[in-house]
Amino acid sequence: MLSAKSLFQEILDDDESFRLFCSIAASGESQGGWENGRIAALVPRSERAMAPKIARHGADEDKHGRIFNALLRKRGLTPVPVPPETDYTMLLEREGIGLAHEKLKRDEPLTVRDVIVYLSHSRVTEQRAADQMVMLRRYFGDHPEVGRAVRMISGDEDNHLAYTHEELLRFAAAGHGRLIQRTLRACALAEIRVYRDVSLAVMAHMSRILGWPRARSAALAAGIHAVYAYERLAGWHRMVTLRMPERRNALGGPATPAREFA
């Protein structure tokens with residue numbers, strides 16, 4: 001029977017598919033770490049109180065990248081180059097979502113509008129990450145090889161999502177509500193397209209590595225298109241709603257170390 005659990009189990013059990021999965025994940029997390037580090041350094045003077053939280057966000061992302069690389073090392077594997085069509089963060093940037101790397105590479109302070117764009121982008125992408133990690137935690141939270149990593153990363157993603165809700169609500173109360181809703185909607189609609197395309201590309205690579213029959217690959221592709229159709233119709237709304245989280249000041253302390261994965 002084809003299920004999310006059986007699919008990920010198959011990827012986990014094969015060294016080459018696991019190698020590609022971890023390489024893609026590590027690359028995306030490391031890029032997120034760099035982006036957040038630059039934003040923390042360039043945040044405008046009026047929002048300097050946010051800088052430690054943004055830096056904590058970046059430190060968490062860097063840690064996740066190290067965790068995925070450590071999982072590879074424990075199997076005696078090395079990372080592989082990430083196929084461009086599977087590079088979620090790069091493809092989002094090409095769609096104009098979030099802050100362009102060209103802007104982040106300059107030493108010019110960001111504006112409040114830039115910070116709102118960053119937070120809106122994070123609100124959408126962290127929803128995706130948190131949802132994926134909830135699923136992995138449900139199926140593999142007790143797995144002897146990856147369970148501890150899944151639980152740690154899932155907790156961090158929950159913190160990131162709570163932080164974006166709280167900060168965006170603060171900006172909305174300060175009079176930026178229309179900009180926030182406009183930006184969130186644009187981010188969400190672009191993200192679901194990119195996620196569909198990346199999912200199709202990743203599944204194509206996994207199909208080749210694992211030798212899936214054509215019928216199975218077609219069924220998985222149909223499922224990905226069905227998810228996109230639902231998200232395009234209504235599912236994207238979950239990415240743009242804002243509510244005060246139960247976990248307040250979620251990024252107010254230092255990042256949790258990952259010494260056990262070193």
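The values are calculated or read from the model by the stated rules, or taken from the named source; none is laboratory data. Keep in mind that what you see is a predicted model, and the values were worked out from it rather than measured. In this analysis, Cβ positions are derived from the backbone assuming ideal geometry, glycine residues included, and neighbour counts consider all displayed protein chains. For accessibility, only protein heavy atoms count, side chains too; no ligands or nucleic acids. Shrake-Rupley method; radii C 1.70, N 1.55, O 1.52, S 1.80 Å.
Listing for the model above:
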item	result
Assigned charges on the beta-carbon of Lys, Arg, Asp, Glu; the chain dipole about Cα centre (debye)	480 debye
For the chain, accessible area per residue (1.4 Å probe, heavy atoms of protein chains only), Å²	48 Å²
HN-Hα J in Hz across the range 57-68 - Karplus 6.51, -1.76, 1.60, θ = phi - 60°, x for Gly and Pro	4, x, 5, 4, 5, 4, 4, 4, x, 5, 5, 5
Per-residue [θ]222 nm for the chain (sum of -39500 (n - 2.57) over DSSP H runs n ≥ 4, rounded to 500)	-24000 deg cm²/dmol
C-alpha long axis of helix 177-210 to longest principal axis of the chain, angle in °	20 degrees
Potential extension, V134-A215 segment - 0.36 nm per residue separation minus Cα distance	26.3 nm
With Cα atoms, 0 to 90° folded angle of helix 4-13 axis to the chain main axis	70 degrees
Dipole of the chain, positive direction: furthest Cα of H225, S3, L119, with charges on the beta-carbon	L119
Cα-Cα over 31 Å, subset of K5/K103; K5/K74; K5/K63	K5/K103
Fraction of accessible area attributable to carbon and sulfur, the range 1-115 (%, probe 1.4 Å)	54 percent
Rounded, prolate or oblate (a/c below 1.5 giving rounded, otherwise prolate when a/b exceeds b/c) for the range 128-246 by Cα gyration tensor	oblate
About the Cα centre, charge dipole magnitude for the range 1-152 (Lys/Arg +1, Asp/Glu -1 at Cβ), debye	620 debye
Global form of the range 21-116, assessed from the alpha-carbon gyration tensor, a/c cut-off 1.5	oblate
